[in-house]
Amino acid sequence: MAVRAPYRSLRGLSALAALVALGAVGCSDVSEAVDSAKDGAKKAARQRSVFSLDVGDCYNPNGKAEGEAYLVEVVPCDEAHQGQVVGEFAIEGGPRHPGDEKVAAIADERCPAEAQKRAPDTWALPAGVGLSHYTPTKESWTTGDRAVTCTYTVEKGTFKGSLDTAKSFEPDQLTFLKGSNAVYEALWAHQPVTDDVEAALKDYQAQAKAVAAALGTHVEELDGIEGAEVGKLRATLAKAADQWEKAANAPDVDTFYLAYDQAFTLIDPGKTVPARKELGLATTVPADEAEVWAV
């Protein structure tokens, strides 16, 4: 985000200029000019400060997708757009800005949970849509800005429709999604920065402990959901929890490797497809997840 400042869309100014010039052109040209002016005026009227975005708003960024942002074009969700706000929260802090890296880390940690309150099934997201966020800059922090806006955005192209789908799910579906999401959040949120397991064994064991805990909760909650495939998945994930626990408590790196290999295989997202189908959820594994377990 950046400093709050009044702004007039250049496209809107062009639209006004077109309206003034209508009398000097032919009929067909007038029609085209009117259409262009209408489009320009509509876009100008939709300009909003990033500070005024609300949860549920669908929008198109103005300018680059990264770096500081000032304005967005808020549009109806049934129109083509590049992003939708799916969560927000305030960062606690004193007068000094924590630093861009710290702020981004807080947003990375909290936005997934905020987003899942609105869009619980990440498998059902349109292709290319990923989680991002607007965060306070050093300058806006001095004005009291503490808000983080969590959004789903697409890097290329657009999508239509609202991603705010939480109310369309049944209780059993939401229970399944909450537990499943928590498992993979624990996995990636605790992913060590190095692939040198021997050098960072404690970090990998901390990750294993977090995943084992999330799996334990997920397995317990699945016990309350009926269905043969859900039951099979529960049994598989119970085995996975045991292996993650063994990895977390491994006395040496070789023991860790043996447990980790089985543990990671047992939480392959592909293994959840039959249960998802039984529950009426999306069944296509996202490409990025499928790629990880295909290695």
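Some observations on this one:
- Criterion (of a type in the set (S, T, N, Q), in contact (Cβ under 8 Å) with a residue 40 or more places away in the chain, touching a strand residue (DSSP E or B) at 6+ places or on another chain (Cβ under 8 Å) and not in a strand (DSSP E or B)) met by exactly one of Ser180, Ser162: Ser162
- Flag for Asp108 being modelled with pLDDT of 95 or more, surrounded by 13 or more Cβ atoms within 10 Å (Cβ to Cβ) and not hydrophobic (A, V, I, L, M, F, W, C): no
- From the list Val197, Val219, the one residue that fits, being over 30 Å from Asp78 (Cβ atoms) and touching a Phe, Trp or Tyr at 6+ places or on another chain (Cβ under 6 Å), is Val197.
- For the residues Ala290, Ala213, the requirement of being modelled with pLDDT under 95, open to solvent by 40 Å² or more (accessible area, probe 1.4 Å), among the hydrophobic types (A, V, I, L, M, F, W, C) and under 25 Å from the mean Cα position of the chain (by Cα) singles out Ala290.
- Residue among Thr149, Thr236 that is surrounded by 14 or more Cβ atoms within 10 Å (Cβ to Cβ) and in a strand (DSSP E or B): Thr149
- Conditions (1) surrounded by 14 or more Cβ atoms within 10 Å (Cβ to Cβ); (2) more than 19 Å from Gln173 (Cβ to Cβ): number failed by Leu222: (2)
- Residue match in the range 145-152 (condition: closer than 23 Å to Ala275 by Cα and touching a Phe, Trp or Tyr at 6+ places or on another chain (Cβ under 9 Å)): no
- Residues of the range 263-279 classified as over 20 Å from Glu221 (Cα atoms) and surrounded by 15 or more Cβ atoms within 10 Å (Cβ to Cβ), total: 1
- Any hit, the range 280-287, residues being hydroxyl-bearing (Ser, Thr, Tyr), open to solvent by less than 80 Å² (accessible area, probe 1.4 Å) and assigned to a helix (DSSP H, G or I): no
- Residues in the range 170-188 that are surrounded by 14 or more Cβ atoms within 10 Å (Cβ to Cβ) and farther than 23 Å from Gly128 by Cβ: Asp172, Gln173, Leu174, Thr175, Phe176, Lys178, Gly179, Ala182, Val183, Ala186.
The values are calculated or read from the model by the stated rules, or taken from the named source; none is laboratory data. Since we're looking at a predicted model, the values are computed, not measured. When we count neighbours, we look across all protein chains shown, and the Cβ atoms used for this are built from the backbone with ideal geometry, even at glycine. To get the accessible areas, we keep the full protein, side chains included, count just its heavy atoms, and leave off ligands, DNA and RNA. Shrake-Rupley method; radii C 1.70, N 1.55, O 1.52, S 1.80 Å.
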